[in-house]
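The values are calculated or read from the model by the stated rules, or taken from the named source; none is laboratory data. As the structure is a computational prediction, the values presented were derived from the model and not from experiment. Note that each Cβ is placed from the backbone with ideal geometry, even for glycine, and that neighbours are counted across all protein chains shown.
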Amino acid sequence: MPISNSKVKQLVEDYHKISLLNKTKAVLDWDMNVNLPSKGSEGRAKQVALLTEFITNQWLDPQFKSNLEEASLLSNLNPEEKAVIRNLNYQGKYYYRVPKEVIVEFSRTTSEAFMIWQKAKKDNRFKDFAPVLKKIIKLNQIIADHLGYINNPYDALLDLYEPGLTAEVCQKIFKKLQSELKVILKSIQSSKGYRSESELVGGEVFYPSESQKKLAEFILKKMGYDLEAGRVDVSTHPFETVLDRFDIRITTWYHENDFRDSFTAAMHEAGHALYEQGINVDYSDTPLSGGVSYAIHESQSRFWENVVGRSEEFIEFMAPVFQAFYSAQLGHIGSDTLMKLFNQVKPSLIRVEADEVTYNSHIILRFELENSLINGKIEVGDLPEVWKAKMKQHLGISPKTDREGVLQDVHWSLGYMGYFPTYALGNLYGAQFASKMKKELNMRRSLYHTDIKELLRKGELGTLLSWLRENIHQYGSLYWPEELLKKVTGKELDPTYFTDYLKEKYSKIYGVKF
Ligand code: MG
């Protein structure tokens, strides 16, 4: 890495320890999600809190802090050096503005809350989760106050997940998105070939976990996920985590009455993992390591899950594979039916299982709730009812249980408030990147003697991965999200790439015009 300034060099060296401590903490978090017995929760919370204290101490080290302050004033730095300072200041803000006691308390509370949430969800008892959720919201409000904001405390939290993001920016994007999505959904639902149910999944249909596991392995290899530098486990909520540059793990889930869930979850999480596995190795454990933001990360996972995994051409490639894995259930089912099955559009209760058209409405709902909670406009006790009302407003349906409502997501238990909007932004970034990729690969068609549709139809995903590696992955956190987007696509964020993608895709599936 071309770092020549001695002060920046020293900072990068010192940051190494912070990075290793963060990764150590990630091992404990991974284990909590995958293996931890319920009675181990309290002990684990203490261990994680202690590590958090160590990490905070590293940030607060007087020499490190003054080096960072001095280096921030330097003007003749190269792009890598500038990015190192920018990233340290961005990450450091949390440790420099929020008191150590609050940081440690937040860590302890959220570790304990995870297990409480898991049980409350299983038992469908929001009442059991409410007290700790109240505490988490209070702590988030305190954190926001310390971080500072202009109008809205929620802005301080949004910035933790996506640099510079504000509630106002979200509102503007979501408003436009929502009106477009409503029109698309209506046209699909009123089309002639529209069906909201399929007898191939749900109810009594049975897809054994063992076959689902093998199918997940098949698709992960196909995508190029390096299993010697990663592994796949099962968790309540699928996720990806970085324990080291060469230990990037994912989890999935197996629902035995629906083979799609584990397949799409595997593709989604592997999309995150491929990003991390493609980052310049020289950046490992430096401030330039890791994907640059949550939204850019999500652009990668949604690209693989939706733009690739749910495309007509790739399903055509996968059809014989699905038929072979589940011959009794799908042996007689053609690729056209499978394509419709993977792109079934209908308002549903669970965010992670939502289709591409209705998915963002789930995010908008959570954004509105978090904004109100942080601003004290609604109380924790009102959440289940408000959730139901908002579901009705945004999706036209409403859950009967809290398990399928306010308790469904893990995020709040982990303390993440302000995280959800990055999912919607990820969809938008993903579509904009994909549009550029298609254009470029199709331009080089004569060179490859093929185009992107043909590649998908043959299941040749290597060219797509190479494009992502070259244009996005290798840079890690060198370029800021909007900088990266501009560098790759030449444009600012424009939601019409996403809505145009939906219109093109679904007009073909359902034979409707938009
Ligand atoms: Mg994701």
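Out of P421, P481, P399, P495, report the one residue that is in contact with a Cys (Cβ under 7 Å, 6 or more places away or on another chain) and of a type outside the set (D, E, K, R).
After applying the criteria, what remains is P421.
Restrict the check to the range 403-419 and report whether at least one residue is within 16 Å of the ligand (Cβ to nearest atom), β-branched (V, I, T) and either surrounded by fewer than 19 Cβ atoms within 10 Å (Cβ to Cβ) or assigned to a loop (DSSP other than H, G, I, E, B) (or both).
yes
Could you go through the range 466-482 and let me know if any residue there is on the phi > 0 side of the Ramachandran plot and either surrounded by fewer than 20 Cβ atoms within 10 Å (Cβ to Cβ) or touching a strand residue (DSSP E or B) at 6+ places or on another chain (Cβ under 7 Å) (or both).
No, the range 466-482 contains no residue that is on the phi > 0 side of the Ramachandran plot and either surrounded by fewer than 20 Cβ atoms within 10 Å (Cβ to Cβ) or touching a strand residue (DSSP E or B) at 6+ places or on another chain (Cβ under 7 Å) (or both).
Out of (1) hydroxyl-bearing (S, T, Y); (2) surrounded by fewer than 17 Cβ atoms within 10 Å (Cβ to Cβ); (3) under 20 Å from H237 (Cα atoms), what's the single condition that is false for Y359?
Checking Y359 against (1) hydroxyl-bearing (S, T, Y); (2) surrounded by fewer than 17 Cβ atoms within 10 Å (Cβ to Cβ); (3) under 20 Å from H237 (Cα atoms), the one that fails is (2).
Among the residues of the range 454-462, is there at least one that is of a type outside the set (D, E) and more than 19 Å from M223 (Cβ to Cβ)?
no
Residue by residue, here is whether (1) exposed (fewer than 13 other Cβ atoms within 10 Å of the Cβ); (2) within 30 Å of F322 (Cβ to Cβ); (3) modelled with pLDDT under 95 holds:
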position: L139; (1), (2), (3): no, no, no
position: I143; (1), (2), (3): no, no, no
position: I150; (1), (2), (3): yes, no, no
position: P163; (1), (2), (3): no, no, no
position: L220; (1), (2), (3): no, yes, no
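For the range 111-169, name all the residues that are in contact with a Pro (Cβ under 8 Å, 6 or more places away or on another chain), in a helix (DSSP H, G or I) and either over 26 Å from Q47 (Cα atoms) or among the charged types (D, E, K, R) (or both).
Correct list: F126, D145, L158.
Which one of these does D336 not meet: (1) buried (at least 18 other Cβ atoms within 10 Å of the Cβ); (2) out of contact with any His (no Cβ under 6 Å at 6 or more places or on another chain); (3) among the charged types (D, E, K, R); (4) in a helix (DSSP H, G or I)?
Only one criterion in (1) buried (at least 18 other Cβ atoms within 10 Å of the Cβ); (2) out of contact with any His (no Cβ under 6 Å at 6 or more places or on another chain); (3) among the charged types (D, E, K, R); (4) in a helix (DSSP H, G or I) is unmet by D336, namely (1).
List the number of the failed condition for T450; all other conditions in (1) farther than 22 Å from S299 by Cβ; (2) assigned to a helix (DSSP H, G or I) hold.
(2)
Condition first: among the hydroxyl-bearing types (S, T, Y) and out of contact with any Lys or Arg (no Cβ under 9 Å at 6 or more places or on another chain). Now tell me which residues in the range 375-412 satisfy that.
Filtering the range 375-412 down to residues among the hydroxyl-bearing types (S, T, Y) leaves 398, 401.
Selection gives T401 alone.
Would you point out which residue out of F325, F317, F367 is aromatic (F, W, Y), touching a residue at least 24 places away in the same chain (Cβ under 8 Å), in contact with a helix residue (DSSP H, G or I) (Cβ under 8 Å, 6 or more places away or on another chain) and under 28 Å from M437 (Cα atoms)? Don't jump to the end; show me each part of the working.
Working: F325 fails: under 28 Å from M437 (Cα atoms); F367 fails: under 28 Å from M437 (Cα atoms).
Within the list F325, F317, F367, the selection yields F317.
Pick from V8, V27: which is among the β-branched types (V, I, T) and in contact with a strand residue (DSSP E or B) (Cβ under 7 Å, 6 or more places away or on another chain)?
Just one listed residue meets the conditions, V27.
Going through the range 467-501 one residue at a time, which ones are outside any helix (DSSP H, G or I) and of a type in the set (A, V, I, L, M)?
Let us first name the residues in the range 467-501 that are outside any helix (DSSP H, G or I), namely 472, 476-480, 490-495.
If the condition is that a residue be outside any helix (DSSP H, G or I) and of a type in the set (A, V, I, L, M), then I472, L478, L493 are the ones that fit.
Here are S299, S311, S327, S335: which of them is within 16 Å of the ligand (Cβ to nearest atom), under 21 Å from I219 (Cα atoms) and hydroxyl-bearing (S, T, Y)?
S299
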